């Protein structure tokens, strides 16, 4: 769904949506022009990830938090595969389209009561409000955006 599509979102949800779009747009900008092989390149070092896996996880984490935990739409998610499975540009583009549609649709339905509703965070271990989970998710996705930028810079520095 285009960024400028009319919306009936609550201001809080719209602010979150704008941040999600900023983050997703930025990670895809840093992946522009890369081949599938480059998307699957990993820097040397312990616990490093490919650009493709970081992008896949960023989209998966946002989708899961918003659609499953907040929207109550069960989502089959293989978090481990987000970090290990090879990716293609086509797969990432498809996942982005799914993210855009499902996350926007869920955010559009939120009411003031929903923002105060208690939910279980994606990592489990307690409860939080929908509003706090939305803020946490912006921070989490931003963290991975930074990792995407650093990984692309490392890739560009390769001989």
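The values are calculated or read from the model by the stated rules, or taken from the named source; none is laboratory data. All of these numbers come straight from a predicted model, not from anything done at the bench. When we count neighbours, we look across all protein chains shown, and the Cβ atoms used for this are built from the backbone with ideal geometry, even at glycine.
Residue 50 fulfils the conditions (1) closer than 25 Å to residue 29 by Cα; (2) over 17 Å from the mean Cα position of the chain (by Cα); (3) at pLDDT 95 or above except for a single criterion, (2).
Could you list, in sequence order, all residues of the stretch 88-107 that are in contact (Cβ under 8 Å) with a residue 60 or more places away in the chain and surrounded by 16 or more Cβ atoms within 10 Å (Cβ to Cβ)? Don't jump to the end; show me each part of the working.
Within the stretch 88-107, the subset in contact (Cβ under 8 Å) with a residue 60 or more places away in the chain is 92, 96, 99-101, 103-104, 107.
Listed by number, the residues that qualify are 92, 96, 99, 100, 103, 104, 107.
For the stretch 118-145, filtering for residues that are part of a loop (DSSP other than H, G, I, E, B) and exposed (fewer than 14 other Cβ atoms within 10 Å of the Cβ) leaves 6.
Among residues that are closer than 17 Å to residue 17 by Cα and touching a residue at least 12 places away in the same chain (Cβ under 8 Å), residue 131 is included.
Per-residue answers, yes or no, for (1) surrounded by fewer than 19 Cβ atoms within 10 Å (Cβ to Cβ); (2) modelled with pLDDT under 95; (3) not in a helix (DSSP H, G or I):
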site	(1), (2), (3)
37	yes, no, no
44	yes, yes, yes
54	no, no, no
80	yes, yes, no
83	yes, yes, no
